[in-house]
Structures are given as C-alpha cells and as structure tokens.
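Beneath this line is the structure, given in structure tokens, with notes to follow.
The numbers here are math on the coordinates, done by the rules we state, and not lab data. From a predicted model like this one, the values you see are computed outputs, not experimental measurements. Don't worry about glycine lacking a Cβ; one is built from the backbone with ideal geometry, like all the others, and counts go over all protein chains shown.
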Amino acid sequence: MRKQLHSRYYEAILQLRPESEELINFVNEFLSRRGDCKITQVKTLKTGIDLYLTSQRAARALGGKLKRRFKNGELTLSRSLHHRDRFTSKEAYRVTVLFRMKQQDI
C-alpha cells in the first residue's frame, strides 16, 4: 500500500529550455500514457519551464524519449542529495533532467 503523498511532493524536475508547445504536448502525452507519474508543480521562467514530477524513473525515461524524438536537443542529468533516512541510513536523491533545444530547431 502506497503512502498518501502531499500535493507538492516531487522526486524529479524536468527543465525544458526554451519552452515550446511541441515539447509540452510530447511530455503531456508521455505522462498520460504512463500513468504512474504526475506533475505536481509548474514554474514558468524567462528561459523556459520547470515541471516537478513524482517519479525519477519516469523523468529519466522521458529525457531519453525527448533526446530520441528531438535529435538536436541536449540532455543533461544531475542529482542532488535530498535527505538521508535516519533508520536505514539510505540516501535519497532528487534528479534534475535538463532538455535544451537549439534555437534554430524551435
């Protein structure tokens, strides 16, 4: 049984630079088919858009799909330590997936 998660819970951030309608439609279609990942927060920035996702695995898979679909885009993955479980001493990370399109491809 899965614990109830609060409304702002996220495990990964998907950064789309710059924002385009085609990229957003691709992401929404992927997440609707997958079903195990939700967008909990959307931040619109001057340079693009940040989507906060509830699944690291889905975010990494989505980064690979974006790279295959949009050939001239650049994919960067990074992780940061979020917390260490005090009972098991396991480290929990949050992942950032940056997908950057070149200006000519937009």
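What to note about this one:
- Relative contact order (%) - the chain, alpha-carbon pairs under 8 angstrom, separation at least six: 32
- Note that segment 64-78 has calculated 3J(HN,Hα) couplings of x, 5, 4, 5, 6, 6, 10, 4, 8, x, 10, 10, 10, 10, 9 Hz, one per residue in order, obtained from phi through the Karplus relation 6.51 cos²θ - 1.76 cosθ + 1.60 (θ = phi - 60°); glycine and proline are x.
- Charge dipole (debye, nearest 20) of the chain; +1 at Cβ of Lys and Arg, -1 at Cβ of Asp and Glu: 360
- Sequence-distant residues sharing a close amide H with E11 (under 5 Å, placed H): L53, T54, S55
- Calculated SAXS-style log₁₀ I(q)/I(0) at q = 0.09, 0.11 Å⁻¹ - the chain, Debye, Cα scatterers: -0.24, -0.36
- Counting only DSSP H runs of at least 4 residues, each contributing -39500 (n - 2.57), and dividing by the residue count of the chain, the helix-based mean residue ellipticity at 222 nm comes to -8500 deg cm²/dmol.
- Angle in degrees between helix 21-34 and the longest Cα principal axis of the chain, rounded to the nearest 10: 40
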